[in-house]
1. Can you name every residue in the range A:10-24 that is more than 7 Å from every other protein chain (Cβ to nearest Cβ) and assigned to a strand (DSSP E or B)?
2. Here are some residues: A:G148, A:G142, A:G157, A:G197. Which one is within 19 Å of A:L77 (Cβ to Cβ), open to solvent by less than 30 Å² (accessible area, probe 1.4 Å) and part of a helix (DSSP H, G or I)?
3. When you scan the range A:25-42, how many residues do you find that are facing another protein chain (nearest Cβ under 9 Å) and closer than 30 Å to B:A42 by Cβ?
4. How many residues are small (G, A, S), under 27 Å from A:G125 (Cα atoms) and touching a helix residue (DSSP H, G or I) at 6+ places or on another chain (Cβ under 9 Å) when one looks only at the range A:44-92?
5. Just need a number here: residues in the range A:36-54 that are closer than 14 Å to B:K27 by Cα, touching a Leu at 6+ places or on another chain (Cβ under 7 Å) and of a type outside the set (G, A, S).
6. Any residue in the range A:91-101 that is modelled with pLDDT under 90 and surrounded by 14 or more Cβ atoms within 10 Å (Cβ to Cβ)?
7. Would a scan of the range B:87-99 turn up a residue that is β-branched (V, I, T) and within 10 Å of chain A (Cβ to nearest Cβ)?
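The values are calculated or read from the model by the stated rules, or taken from the named source; none is laboratory data. Predicted model, so just to flag it, every value in this text is computed and none were measured. Reconstructed Cβ throughout: ideal geometry from the backbone, glycine too, with neighbour counts over all protein chains shown. SASA here: full protein model, heavy atoms, side chains in, ligands and nucleic acids out. Shrake-Rupley method; radii C 1.70, N 1.55, O 1.52, S 1.80 Å.
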Amino acid sequence: MPHISLAAEKLWIIGGILPITNALLTTWLVMAMLFLFAYRASCRLTLVPSTIQSLAEMIIGGLYDFFHGVIGDHIKLVFPLIASLFLFIIIANWVGLLPGVGTIGFFHGEAVPAGRQEFTPLLRGATADLNTTLALAIVAVGAIQYFGFTSLGASYGGRFFDIRSPIYFFVGLLELISDVSKVVSFAFRLFGNIFAGEVLLAVMAFLMPFIVPLPFLMLELFVGFIQALVFSMLTAVFLNVAVSHGQEGSEGVSHNG
Amino acid sequence: MEQLGIEPTLLLAQVVNFAIIVVVLSKLLYTPILGMLEKRKAQIEEGIAGAERIKQEEAKLASRKEKLLLEARKEGHVILEEARKLAKEEEKQIIAQAHTEAEEIIAKGRVEVEALREKLMVEVRRESTGLGVAIAKRLLDKALGSQQQHAILGSHIKNAESLGEKYL
């Protein structure tokens, strides 16, 4: 049975503070892939697009139109955040499914009882690490609050703190709790799905290495896409609520979350 | 937290990583690609508008051409009609002129003929007088003496002259 660890394994520790985990390594790999693609796509932009440029236009234009339908004209402001969330999460999810990720690594520790050595994979799916997903969730929820404040000003605070009546006060408290819990739900939804998928694939590969894992691999590809979509879509929806909240709230009618 | 693998430094590192992704991708990917899409959209719209304009202009030109053609045809008709009328008038004029000319020629011919006759008459009278004298001389030479001859001849010539005046 392969060793399954909930936490990402530490490979090295830099300066005694920053541990380099295998998930962090994969994050850098994903970043490098994204930057390389971005550079290749946009280094020679022409009105008649090249293959890679038209691919980038299809992806970026598609994302733009899709999220424009969700969030309306605010998309101009928040598109970099939402598109980056989607692109990073989907590539990180799919890179985690590549052969070699989670299987190439090294043994260490005492080898006295054969097969009891500890195995540390060199790479681990970036989104199969809670640090990554929690960081993304904090950025997303932080951005929701940031854009809410910048677009509505101080009146955005009325969403959380309203003393016009005890009911509004209580509703504001609930809003606060729900926004904090958004961080947790974002982080654990993504982490749970991807980590579970990797465990599933590892177990399948252990039980029956040939053919049987294939449908599950397809399923995990789909899950990776869906989770990226869900994460960015929910961020867009919450952003939409946040930036348009005051427009309803100023009439003192509804407080939705 | 320890069991879940959450570490503040790693968390911060991932936040920074994601911030870098957002900044770099929006500089390198979103802005240029969306700008290019916008540019292409504008160009396509301009192209369509231009095509529409050209189409309208073409239709306008076609209608103008049709109108001009119609006008030209009408004008041509008018010109032709006028030319026909003019030609008819000229024909009449020419015919009239020819008539007068012919009459003039005829009159001139008549005058010439008259003059010729006159001339011939004078000649004939002179010759006939000469002939009469010669005949009479020959006849009288045979029958009469020269004195009688002269007397008779004189009277005959007078007769002949009166006769010639009478007949010619």
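1. Just the residues of the range A:10-24 that are more than 7 Å from every other protein chain (Cβ to nearest Cβ), to begin with: A:10-16, A:20, A:22-23.
Residues satisfying the conditions are A:K10, A:L11, A:W12, A:I13, A:I14, A:I20.
2. Details: A:G142 fails: open to solvent by less than 30 Å² (accessible area, probe 1.4 Å); A:G157 fails: within 19 Å of A:L77 (Cβ to Cβ); A:G197 fails: within 19 Å of A:L77 (Cβ to Cβ).
On inspection, the qualifying residue turns out to be A:G148.
3. Number satisfying all stated conditions: 7.
4. Narrowing the range A:44-92 to residues small (G, A, S): A:50, A:54, A:56, A:61-62, A:69, A:72, A:83-84, A:92.
Those still in the list that are under 27 Å from A:G125 (Cα atoms) too: A:56, A:62, A:83-84, A:92.
Okay, now just the ones that are also touching a helix residue (DSSP H, G or I) at 6+ places or on another chain (Cβ under 9 Å), so A:56, A:83-84, A:92.
Qualifying residue count for the region: 4.
5. Residues in the range A:36-54 being closer than 14 Å to B:K27 by Cα, touching a Leu at 6+ places or on another chain (Cβ under 7 Å) and of a type outside the set (G, A, S): 1 in total.
6. Yes - at least one qualifying residue is present in the range A:91-101.
7. Here is the first cut: in the range B:87-99, the ones β-branched (V, I, T) are B:94-95.
Those still in the list that are within 10 Å of chain A (Cβ to nearest Cβ) too: none.
No: the range B:87-99 contains no residue that is β-branched (V, I, T) and within 10 Å of chain A (Cβ to nearest Cβ).
So that you can scan it fast, the table gives a plain yes or no per residue for (1) of a type in the set (F, W, Y); (2) within 30 Å of A:K10 (Cβ to Cβ); (3) under 23 Å from the mean Cα position of the chain (by Cα):
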| site | (1), (2), (3) |
| --- | --- |
| A:E118 | no, yes, no |
| A:N131 | no, yes, yes |
| A:A135 | no, yes, yes |
| A:I144 | no, no, yes |
| A:L152 | no, no, no |
| A:S155 | no, no, no |
| A:F160 | yes, no, no |
| A:P166 | no, no, no |
